[in-house]
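The values are calculated or read from the model by the stated rules, or taken from the named source; none is laboratory data. Nothing here was measured: the structure is a model prediction, and the numbers come from that model. Here the Cβ positions follow ideal geometry from the backbone for every residue, glycine too, while neighbour counts run over all protein chains shown.
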């Protein structure tokens, strides 16, 4: 709790600047520590192997963390629509899990596509993984739905 209070105070003192807040965290020594094991022979439970989340899990966890996730099981699929910029987004008033989002080959959802959701035009035997700037920009500037 003390760390969260300190971070909140710093965030306010920096004028609510997300960029300054990111800079402060990314320059900290804790952030720059390696995630590698310290010793290959001893069991180290202080570190965990980094695991990449898939597109659907990222969306679901963001909804759950904000308390907006609708956990209703079964039912109709979640509708998609075009926003003002022409991107395909999930209908804003429906916050169900990504499992229920309607998938159309001709209209992939921008949020899921940015994080390497499977392409429905061919069989997807293995998901590609990429780390590109559009993913960060989608999280920072994109309208989340």
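Some notes on this structure:
- Within the stretch 101-115, residues that are surrounded by fewer than 19 Cβ atoms within 10 Å (Cβ to Cβ) sit with their Cβ atoms under 9 Å from residues that are assigned to a helix (DSSP H, G or I), at 6+ positions apart or across chains, in these pairs: 103/112; 113/55.
- Among the residues listed as 40, 46, 86, the single one being closer than 25 Å to residue 105 by Cα, modelled with pLDDT under 80 and assigned to a loop (DSSP other than H, G, I, E, B): 86
- Within the stretch 93-100, the presence of a residue that is within 17 Å of the chain's Cα centre (by Cα), at pLDDT below 75 and in a loop (DSSP other than H, G, I, E, B) is excluded.
- Residue 58 vs. criteria modelled with pLDDT under 80, in contact with a helix residue (DSSP H, G or I) (Cβ under 9 Å, 6 or more places away or on another chain) and surrounded by 11 or more Cβ atoms within 10 Å (Cβ to Cβ): no
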